[in-house]
1. Being surrounded by 13 or more Cβ atoms within 10 Å (Cβ to Cβ) and not in a loop (DSSP other than H, G, I, E, B): is that true of residue 67 here?
2. So which residues in segment 18-68 are touching a strand residue (DSSP E or B) at 6+ places or on another chain (Cβ under 8 Å) and aliphatic (A, V, I, L, M), if there are any at all?
3. If I ask for residues that are exposed (fewer than 13 other Cβ atoms within 10 Å of the Cβ), modelled with pLDDT under 90 and within 18 Å of residue 45 (Cβ to Cβ), which ones from segment 11-23 would you list?
4. Working only within segment 6-59, note down all residues that are small (Gly, Ala, Ser), touching a Cys at 6+ places or on another chain (Cβ under 8 Å) and part of a loop (DSSP other than H, G, I, E, B).
5. With the requirement that a residue be within 19 Å of residue 12 (Cα to Cα) and in contact with a helix residue (DSSP H, G or I) (Cβ under 7 Å, 6 or more places away or on another chain), what does segment 34-43 give you?
6. Please enumerate the residues belonging to segment 46-79 that are farther than 23 Å from residue 6 by Cα, at pLDDT below 90 and hydroxyl-bearing (Ser, Thr, Tyr).
Amino acid sequence: MMLVCETCDKGYHTFCMKPAIEILPADSWKCKNCRVCCDCGSRLAAVDPTCQWYESYSVCQPCQEQRRRSSADTKDTPGSQA
């Protein structure tokens, strides 16, 4: 099977990737060279291949965790509307 990056249009064999991809992503996909976090500008995929990505490969794992913490803090703040 082939995956095609939505940004650069390069094709990748799923079985050649490290780790190999056994199931095609349901949403759009970006190769490790095109993954850039919209929150921090990081390219963690090039440094840490185990990094998880969110929102169609636009938010890195550390920023997603920060978003969750911020959301939880807002809900726990007295007077906030949840």
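The values are calculated or read from the model by the stated rules, or taken from the named source; none is laboratory data. Note that the structure is predicted; figures quoted are calculated from it, not measured. Every residue, glycine among them, receives a Cβ derived from its backbone with ideal geometry; neighbour counts consider all protein chains shown.
1. yes
2. Within segment 18-68, 21, 24, 44, 45, 59 meet the criteria.
3. Passing the criteria: 16, 18, 19, 20.
4. Across segment 6-59, the qualifying residues are 42, 58.
5. 35
6. Passing the criteria: 71, 74, 77.
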